[in-house]
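**Student:** Starting off with a structure, shown below.
Values in this text are rule-based calculations from the coordinates and carry no lab data. All figures in this text were calculated on a predicted structure; none of them were measured in a lab. Ideal geometry is used to build each Cβ from the backbone, glycine not excepted, and the neighbour counts take in all protein chains shown.
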Amino acid sequence: MNGRRVHVAVAEAYDVWVGAGEAFVAEALAALVGEARRGVVITDRNVAGAGHAARVEAIWRRLGAEVETLVVAAGEASKDLATYGGLLETLAERGYDRGTVIAAVGGGVVGDLAGFVAATFLRGVPFVQLPTSLLAMVDASTGGKTGLDLRAGKNLVGAFHQPRGVVIDVTALATLGEIDLREGAVELVKHALLTDAAWFAPLRTAAGLTLPDRSDGSAWSALIAAGVRVKAEVVAADPFERSIRAHLNLGHTLAHALEAATGHGLRHGAAVALGLAFAAELGAARGYYDWRSDARAVVALAQAKPPDLALSTLMPYLARDKKRRDGRLRFVLLREPGVPFVCDDVSLQEIEQAYARVRTLPMGEMR
Ligand SMILES: NC(=O)c1ccc[n+]([C@@H]2O[C@H](COP(=O)([O-])OP(=O)(O)OC[C@H]3O[C@@H](n4cnc5c(N)ncnc54)[C@H](O)[C@@H]3O)[C@@H](O)[C@H]2O)c1
Ligand SMILES: [Zn+2]
């Protein structure tokens, strides 16, 4: 070897805390942000209205910090440059320094937005995630992907910025809308499919996939912790999505095309459910593990109705995805139970057949 080599052993391990109630949140926050003098809670109007931000603020204050809450409008539209810029200007005007900790209290929108603020304000301040939607609990809050949408598309700007920790209080699910609960459940099932997880088996009933009652904190804690573990293991092995992190895109290639082709008229969870059914069809036609019944149960759970879109209309959107990924269409398939791989040689004929089945199966009307 020529010259010298200095190793920079960077590592950012952290814990996801899963539990229920104020005492649990207080214990987790004391461990994660106990030293912070100043804290900023970023949340949205719905989550603030449901009392979740005020509760976190009060708990944090009792730990001795000076805390203020900044509220943005609810919904994907807040993941934009204007809202982001407004938050940065506010933080700067009020003189927040590097000792400030940001807490994202809300769904994936708040997590991505507040995380990107934390990643970039003063070149990065620490942040914690306190997800309140099921999707944010099982998926978005862990893994360090933060960012915003641009006019040209979703999540086109962002940074990898890992939180100092994630605190999941499952009691927040009590106020979440029914559709949002089902949206999150789709990603939970996706995580189960990636590992053939035994923790998932009790949800499979004769009537399809059945979620625990919202008031059953211990059932939800167990499910969410198991779902997060799948994500945590994948992210730890591939933090910057250079290889296996792509497995988390199970069902998402078709989903992103469906969402774009419908101008986001189709919700993400519904689109992913249809994407899962599509991936199951592709795999079954090749003789891989046949998980079509699970996939159809997810479609019913998500109450997803296939949009009336011809494949010819959808193809340009799939091709856009392909352009972004060096010229090949990639679908995550399951070779065996819990054994995903990225398949990049799916033919147009296979796509036609699988898509035709997804469009015509009597799904979405089951519940
Ligand atoms: N960073 C990642 O790795 C990652 C992964 C998946 C998704 N995402 C992002 O997450 C976003 C979607 O997240 P989402 O589905 O949570 O959407 P969201 O943040 O818009 O939340 C859904 C709705 O539920 C409300 N809400 C959230 N928690 C509530 C509660 N406990 N009580 C009452 N209302 C509540 C919100 O105000 C909103 O109206 C997308 O922007 C997506 O790009 C990020
Ligand atoms: Zn998703």
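**Student:** Report, to one decimal in Å, the Kirkwood hydrodynamic radius for the chain based on all distinct Cα pairs.
**Tutor:** Result for the chain, one decimal place: 21.3 Å.
**Student:** Additional query: So what's the net charge close to L148: Lys and Arg +1, Asp and Glu -1, counting the other residues with Cβ under 13 Å from its Cβ?
**Tutor:** 0
**Student:** Give me the aspartates and glutamates in straight-line cross-link reach of K305: C-alpha distance below 18 Å, same-chain residues under 8 apart excluded.
**Tutor:** E178, D180, E183, E187, E259, E281, D294, E365
**Student:** Report, in deg cm²/dmol and to the nearest 500, the calculated mean residue ellipticity at 222 nm for the chain, where each DSSP H run with n ≥ 4 adds -39500 (n - 2.57) and the sum is divided by the residue count.
**Tutor:** Calculated mean residue ellipticity at 222 nm is -13500 deg cm²/dmol.
**Student:** So, R0 is 25 Å and r is the distance between the beta-carbons of R94 and A54; what FRET efficiency does that work out to, to 0.05?
**Tutor:** 0.80
**Student:** Another question about this same structure. With +1 assigned to the C-beta of every Lys and Arg and -1 to the C-beta of every Asp and Glu, and no other charges, what is the dipole magnitude of the range 1-152 about the Cα centre in debye, to the nearest 20?
**Tutor:** Dipole size: approximately 420 debye.
**Student:** For the chain, what is the relative contact order in percent, using Cα pairs closer than 8 Å and at least 6 residues apart in sequence?
**Tutor:** 14
**Student:** Given the C-alpha centroids of the range 101-169 and the range 283-314, what is the distance between them in whole angstrom?
**Tutor:** 30
**Student:** Sticking with this structure for a sec: Limiting things to C-alpha atoms, what are the Rg and the maximum Cα-Cα separation (Dmax) for the range 86-169, in angstroms?
**Tutor:** Rg then Dmax for the range 86-169, in Å: 12.3, 35.
**Student:** Continuing with the same structure: Specify the residue with the greatest mean-square fluctuation among E12, E350, E57, computed from a Gaussian network of the chain linking alpha-carbon atoms under 10 Å apart.
**Tutor:** E12
**Student:** Further, regarding this structure: Along the charge dipole of the chain, Cβ charges K/R +1 and D/E -1, which of G64, N46, V157 sits furthest on the positive end?
**Tutor:** The residue sitting most towards the positive pole is V157.
**Student:** May I pose another question? Report the charge-dipole magnitude of the chain in Debye, nearest 20, computed about the Cα centre from +1 at each Lys and Arg Cβ and -1 at each Asp and Glu Cβ.
**Tutor:** It comes to approximately 740 debye.
**Student:** May I pose another question? Set Lys and Arg Cβ to +1 and Asp and Glu Cβ to -1, take the dipole of the chain about its Cα centre, and tell me which of V18, P131, I102 lies farthest positive.
**Tutor:** I102
**Student:** Just F331, F127, F200 to compare: in a GNM of the chain, with alpha carbon springs under 10 Å, which one fluctuates most?
**Tutor:** Residue with maximal mean-square fluctuation among F331, F127, F200: F200.
**Student:** Using a Förster distance of 56 Å, how high is the FRET efficiency between A319 and R62, based on the Cβ-Cβ distance and rounded to 0.05?
**Tutor:** Efficiency at R0 = 56 Å is approximately 0.55.
**Student:** Please identify the helices of the chain, taking whole runs of DSSP H, that span at least 24 Å along their own axis as judged from the Cα atoms and have a mean Kyte-Doolittle score of -1.0 or higher.
**Tutor:** Flagged H segments are 217-237, 268-285.
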